[in-house]
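A.B. asks: Before I ask anything, let me first share the structure, which is written out below as structure tokens.
A short reminder: the numbers here are calculations on the coordinates, not readings from a lab. These numbers come from a predicted model, not from an experiment. Methodologically, a virtual Cβ is constructed for each residue, glycine included, from the backbone with ideal geometry; neighbour enumeration extends over all protein chains shown.
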Amino acid sequence: MVITVQIRQSDAANQGGYCTVMGGDMTHTDTLTGRKLDAVEKTYEILSNDGSVEHVLEIIRTVLQARWLVLEIQSLEGHQRDRQVFYTATHNAELQKSTNSCDAIITHGTTSDSQYRLYLHGLSVKNDLIEQTASDLLRHLCRAYNLAKQQQRVQVEHGFYVATLDRLAVGTIFLNKHGKILQTNKIAQDILDAKDGLMRIRSNLAANDPQTNTHLQSCLRARPEPEEEHEDSLPLIVRRSSNKRDLGILIKRTGAQGTSNKDVATVIILRDPDHSTPIEKLALRKLFAMTSAEAEVACLLTAGKTLDDAASTLNISKNTARTHLRSIFSKGDISRQTELLRVILSSVAVFG
């Protein structure tokens with residue numbers, strides 16, 4: 001994802017915008033404003049695409065014509081203060097030891113949450129224009145850095161939610177305002193690929209059964225006015241051509257007012273009753289103090305097997321299976337098999 005930022009005219013203005021830099025025996029006149037704007041654009045592009053802070057610092061160093069830069073970020077979380085330090089590639093520890101002070105220190109974000117300090121070393125030119133440029137670049141660096149961190153958190157959360165839905169055998173289909181499929185998770189994609197109940201026709205969602213499809217398309221086309229009272233969740237049963245049980249789906253409007261064809265307008269949530277949620281045996285052992293054999297029996301029961309089926313699958317006698325079941329009941333303070341299923345399926349063991 002690339003973040004595009006509009007820079008105000010006041011940000012670009014720099015007291016004439018020209019800087020004369022002396023390098024060796026030649027003079028190079030460059031437009032500092034143009035170089036700054038280019039650096040700002042690259043800053044957002046690099047950090048929003050998981051690039052490194054050091055890469056951005058090297059770009060800023062080139063703009064400011066410094067020998068090296070040091071960026072210090074201090075953040076306060078609770079009662080603990082966290083400190084991060086970044087250097088440009090031109091930084092040299094021995095060289096820094098020989099220099100007791102830097103040419104300038106630029107500070108941004110003096111709140112209690114975080115503070116950013118940019119240390120400028122070996123500037124070719126030292127004046128107010130260079131310091132103002134450094135201040136502007138640091139401000140954008142801080143903003144891009146925080147946006148990148150926020151983006152990373154969203155990606156982590158998104159990955160966790162997707163994995164959780166897959167684990168719970170919940171399918172999700174995202175549609176735009178025209179009913180076109182934008183995205184699906186694995187559970188939903190497997191159902192669409194099987195073309196048993198629901199299928200994809202080009203980019204559209206359709207039901208195999210004609211009568212069900214007519215009802216489905218009518219629900220998807222319905223666009224109630226904002227001021228009207230309406231149900232934001234529409235349940236629907238989808239018939240299947242195989243011997244499997246019918247699918248249950250829920251059509252939910254997001255309420256998003258976006259105009260782009262990439263905006264999500266409707267979410268289809270579906271459950272396949274023939275798709276059982278696998279239970280993690282190790283989690284059962286730790287949560288309910290079960291032995292390995294007891295966990296095996298419990299997993300088979302929650303998958304819809306009878307006790308006799310479980311005994312046959314595990315190649316144990318029915319009496320041994322009953323002994324394991326009585327032990328499970330005792331450890332979980334449970335008296336009935338249906339209660340055992342409810343307790344296990346409502347526990348965190350279903351998340352793996």
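A.B. asks: Of the listed peptides 305-312, 34-41, what is their order by residue-averaged count of other C-beta atoms within 10 Å, with the highest listed first? Present the calculation step by step, with values, prior to reporting the outcome.
C.D. replies: Values: 305-312: 15.8, 34-41: 17.8.
My ranking of the peptides, most packed first, is 34-41, 305-312.
A.B. asks: Still on this structure, I have one more. Grab the beta carbon distance between K149 and T107, set R0 = 22 Å, and tell me the FRET efficiency rounded to 0.05. Write down the numbers at each step before the final one.
C.D. replies: Working: r = 20 Å, r/R0 = 0.90.
E(calc), rounded to 0.05, equals 0.65.
A.B. asks: Could I ask something else about it? Over all Cα pairs of region 281-351, how is the pair count split among 10 Å bins, expressed in % and running from 0 up to the last occupied bin?
C.D. replies: Taking all Cα pairs of region 281-351, the binned fractions are 22, 61, 17, 0 percent.
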